[in-house]
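Let me begin by presenting the structure, written as structure tokens, before commenting on it.
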Amino acid sequence: MAIQRDGSSHELVSQEEGNVTAVTRLITYVDLDEAATDAQHMSVTARLEAALADDRSLVLLDDRGWTSSVPTGTQLRISAEEIEVDARLVVGPDEPNGGETREQTAARHWNFLADILKRQGVDVEARELERLSHDVVLSEHLRARIRD
């Protein structure tokens, strides 16, 4: 499997047995978690995927999410922009711990994601994944619950 890089677009290309697959971007899909949401709490789930040039996508992380809350008697108000920032934070890289530097923690995160892709047949370098654009897509259901 060989990796090629299209210099201007930051696409990652893997080639296996004549088939070419490019990772074009990362996408985090965010949705409302109804079961854990009430008047003072809004819980959301976040799923990170790698979008491929052949119109497929591969799940990288599907176990992320968070809850925002306010004191009783006040209304929870959160914007799409705030959710987008939080979504990028929860899919990583995490904050350093255990004596690691920020760079070490980030490298471990991107290597972990690259390994997930390799197990699914897409051979990419961790440092290249880090350079891809990262979009956040909010579900319609979630958009209905937030302010603009």
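Data for the structure
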quantity	calculated
Per-pair calculated FRET efficiency, R0 = 35 Å: ASP33 and GLU125 via Cβ, rounded to 0.05	0.55
Rounded to 5, percent antiparallel among DSSP beta bridges of the chain	85
Principal-axis tilt of helix 102-119 within the chain, Cα atoms, nearest 10 degrees	70
Helix 80-90 axis, angle to the chain major axis (alpha carbon atoms, nearest 10°)	60
Rel. contact order, % - alpha carbon contacts under 8 angstrom, at least six apart, the range 39-131	22
Within the chain, helix-based [θ] at 222 nm, where runs of 4 or more DSSP H residues each add -39,500 (n - 2.57), nearest 500	-7500 deg cm²/dmol
Candidate values (1) 23, 19, 16; (2) 32, 22, 17; (3) 33, 18, 12, label of the one derived for semi-axes √(5λ) of the Cα gyration tensor in Å	(3)
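Just so you know, all these numbers are worked out from the coordinates, no wet-lab data involved. Every value quoted in this text rests on a predicted model; they were computed, and no experiment measured them. Neighbour counts run over all protein chains shown; Cβ positions are idealised from the backbone, glycine included.
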